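Working notes for the structure below.
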Amino acid sequence: MTANPLFGRDVISMTDFDRDDVKAVFKMTERCKKEGKSSALNQKIIASCFFEPSTRTRFSFEAAAFRLGAEVLGFGNEQMLSVKKGESLHDTVRMLDQYADLMVIRHPLEGSARLAAEVAEIPVINAGDGANQHPTQALTDVFTIQECQGRLDGLAIALVGDLKYGRTIHSLVELCALFDIRLYLVSPEALTLTDAFCDRLKKRSVRFSFHQTIEEVISSVDILYLTRIQRERFLKCSFISDPEELVLRPELLKKARSHLKILHPLPRLAELPREIDETPFACYFDQARNGLFVRQALLTMILNETVT
Ligand code: NCD
């Protein structure tokens, strides 16, 4: 039996993962997908703390916990908490630390999940901290990419949309950098990947280039990963109009490789028209479903030293 590299760990940023960790999570994900429900988390309590709106991430984490036999306590709306009375995140986390075996947290502040992990004795999973990171989404994305393309090394992936404020993008580029993946970064200039991320990609010898339209890249890639513009994260004074060149018009797909797959973390706006759903390129609903199995795998591995 090989050691479980996830046992007892926090999952805060994709930079905390190496290739072996990722392989181990994917192996367990495949197993969870095949085996369905289990009693791996009997008697465990998961705190599900969502200080920001969520559909897929919250429900898939909670469904994953239920499928493993755990109990879930938590909230999807901070209006219900003593935070409303002025309680700090620090104190809220200290309380949940007493009541649960693992905490899943989504919060609008960058660094909030890291802070929670420092305060809490129990493992903490970051379900999105502001525009910073969303590691469980990136694991879901890359698991889906491997599943639909049969490999990761040697692929070309276009990341499209809001590369500046999109936390799924930030985690995904870090995860792609562990593999031999060529990146096409497609965004308006004002929403391009920040220098800090680009520098890290360069240091790790990742090949990448900048583009402003889907049309420029569609015939060169195996995966088109679309994202919405994160308007809620802009400063009030900044103005960026909806970029038409980042809308995947169905006719653009005529130029696509036959095995191209389209991913999107969802929710989608105008960038991904519903006509695309019926094409063989659409993979985003499978991706959303895989989120359940990836989260089941993470919960199982973090809370069980020996997973046989
Ligand atoms: C994303 C998020 O919350 O960052 N959604 C998700 O978790 N699947 C993407 C988004 O909100 O655009």
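Every number in this text was worked out from the coordinates using simple rules, so none of it is lab data. All values reported here derive from a predicted model rather than from experimental measurement. Please note: Cβ atoms are built from the backbone with ideal geometry, for glycine as well, and neighbour counts cover all protein chains shown.
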Before anything else, pin down the relative contact order of segment 67-219: Cα pairs under 8 Å, at least 6 apart, normalised by residue count, whole percent.
15 percent
How large is the Kirkwood hydrodynamic radius of segment 135-288, in angstrom, based on all distinct alpha carbon pairs?
15.5 Å
Could you work out the relative contact order of segment 135-288? I mean the mean sequence separation of Cα pairs under 8 Å and 6+ apart, divided by the number of residues, in percent.
25 percent
Would you be so kind as to identify which of Leu272, Phe293, Cys283 lies farthest towards the positive end of the dipole of segment 265-308, taking Lys and Arg as +1 and Asp and Glu as -1 on Cβ and the Cα centre as origin?
Phe293
Kindly provide the Kirkwood hydrodynamic radius of segment 51-148 in Å, to one decimal, from all pairs of distinct alpha carbon atoms.
14.3 Å
If you build a Gaussian network model of the chain, linking Cα atoms that sit under 10 Å apart, which residue out of Ser82, Ser48, Ser241 swings the most?
Ser241
I'd like the GluC sites (Glu not before Pro) in segment 72-172 restricted to DSSP loop residues with at most 11 other Cβ atoms within 10 Å, sorted by number.
Glu121
More than 38 Å apart - percent of Cα-Cα pairs taken over the chain:
12 percent
Restricting things to Cα coordinates, could you compute the convex hull volume per residue of segment 150-216 in Å³?
83 Å³
So what are the three principal axis dimensions of segment 189-262 from its Cα atoms, in whole Å, longest to shortest?
41, 33, 16
Among Thr194, Thr136, Thr227, determine the one that fluctuates most according to a GNM of the chain built with springs between C-alpha atoms less than 10 Å apart.
Thr194
Of the cross-linked pairs Lys34/Lys261; Lys164/Lys255; Lys23/Lys203; Lys23/Lys261; Lys33/Lys261; Lys27/Lys254, which ones have a Cα-Cα span greater than 29 Å in the structure shown?
Lys27/Lys254
